[in-house]
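A quick write-up on the structure given underneath.
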Amino acid sequence: VSGSDDRTLRVWNAATGTCVRTLEGHTSWVTCVCAIGDAVVSGSDDRTLRVWNAATGTCVRTLEGHTSWVTCVCAIGDAVVSGSDDR
């Protein structure tokens with residue numbers, strides 16, 4: 001999974017190198033991604049995190065609370081931990 005300044009994420013087939021799905025929903029560039037089983041969590045300059053179903057490309061939840069861009073995201077069990085320039 002990769003994130004881009006075009007505000008999308010792309011899910012790739014590692015064996016073939018082809019893009020199998022494009023995920024759209026962020027309103028600014030995607031700064032970080034984390035894969036968790038069948039889900040993907042992304043952070044963005046739009047100050048949100050989004051939880052995606054990687055198989056369908058559907059955004060299942062938007063996490064809000066940061067007051068500046070999200071710099072990193074990591075999953076620990078069922079928890080999502082994020083960092084931001086808001087300190």
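Computed quantities for the displayed model
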read-out	value
Most mobile of LEU63, LEU49, LEU23 in a GNM of the chain (Cα contacts under 10 Å)	LEU63
Correct choice for log10 I(q)/I(0) by the Debye sum over Cα atoms at q = 0.12 Å⁻¹ that was computed from the model, options (1) -0.31; (2) -0.44; (3) -0.48	(1)
Gained length - TRP29 relative to SER68, 0.36 nm times residue gap less alpha-carbon distance	12.8 nm
For region 1-61, accessible area per residue (1.4 Å probe, heavy atoms of protein chains only), Å²	53
Accessible area, probe 1.4 Å, largest first, for residues ARG21, ARG7, ARG50	ARG7, ARG21, ARG50
Gained length - ALA39 relative to TRP12, 0.36 nm times residue gap less alpha-carbon distance	8.3 nm
Within the accessible area of the chain (1.4 Å probe), percent carbon and sulfur	47
Most mobile listed residue (ALA54, ALA15, ALA75) in the chain, GNM with C-alpha springs under 10 Å	ALA15
Top of THR16, THR31, THR56 by mean-square fluctuation, Gaussian network on the chain, Cα under 10 Å	THR16
Placed amide H near CYS32: partners under 5 Å, 5+ positions off or other chain	GLY43
Region 29-34 - phi-based ³J(HN,Hα) in whole Hz, Karplus 6.51/-1.76/1.60, Gly and Pro as x	5, 7, 9, 7, 9, 8
Gained length - ARG87 relative to ALA75, 0.36 nm times residue gap less alpha-carbon distance	2.4 nm
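The values are calculated or read from the model by the stated rules, or taken from the named source; none is laboratory data. The structure displayed is predicted, hence computed values, not measured ones. The area values use the complete protein model at the heavy-atom level, side chains included, leaving out ligands, DNA and RNA. Shrake-Rupley method; radii C 1.70, N 1.55, O 1.52, S 1.80 Å.
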